Amino acid sequence: MPKGIYKRKSSEERFWPKVRIPFYDDGCWVWIGTKVRNGYGEVWIGKKRTKAHRFSYSLYHPEFNLDSPLCILHSCDVRLCVNPSHLFVGDRNDNNKDKVLKGRQSRGIKHRRVTGSKKRSEKTSKFIGVCWHKQDKKWRASIQIEGKIKHLGSFFYEEEAAKAYQNALNNLYVEGVKS
């Protein structure tokens, strides 16, 4: 080809070099390209940006339209995963139910969470809905339901408190599905 003239690579040709596929069968295919602030991978398709997992899903499911308002959800909960066997279609409602069911919905009580550079003190929980109660010297689990805080119990171990919170969340979800 003459100097300065080249054929632009397709979106798919630019996509695959930015994906790391593990040797074992059903692991996550990790996106190592551009990431946006919320932790998802991003890819340019023509003159539009889209999430990498949406593009990956569309490669394996050509009937899926990238402009669709439907969500692509992760069964593995890894935001950078682009493995189509870990992805499935759902609407906003499905996406919200999925994150509540898996305990990724933070709401109600102000939760202290571990962040990248901040050092976590021994008395700050890494779990949503769990905090250290200084007077009792125990971990407390609580959840906010319809604007009211419900105390779920005091526990010697942080993991027990987290489990109580998760069970309460699951019960809320099940009750919401039944009604």
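Can you tell me which aspartates and glutamates have their Cα less than 14 Å from the Cα of residue 99? Leave out same-chain residues fewer than eight positions away.
77, 91
Set the bar at 31 Å for Cα to Cα. Now go through 35/97; 18/102; 35/148; 51/138; 51/102; 48/126 and name every pair that lies beyond it. Could the numbers behind the result be given before it?
Values: 35/97 25 Å; 18/102 28 Å; 35/148 37 Å; 51/138 42 Å; 51/102 21 Å; 48/126 37 Å.
Beyond 31 Å: 35/148; 51/138; 48/126.
Using 1/(1 + (r/R0)^6) with R0 = 30 angstrom and r between the beta carbons of residue 77 and residue 10, what's the FRET efficiency to the nearest 0.05? Working shown, then result.
On the way: r = 30 Å, r/R0 = 1.00.
With a Förster radius of 30 Å, E is 0.50.
None of the figures in this text is laboratory data; all of them are computed from the coordinates on show. On a predicted model such as this, the values are computed, not experimentally measured, just so you know. A quick note on method: Cβ atoms are made from the backbone with ideal geometry, for glycine too, and the neighbour counts reach across all protein chains shown.
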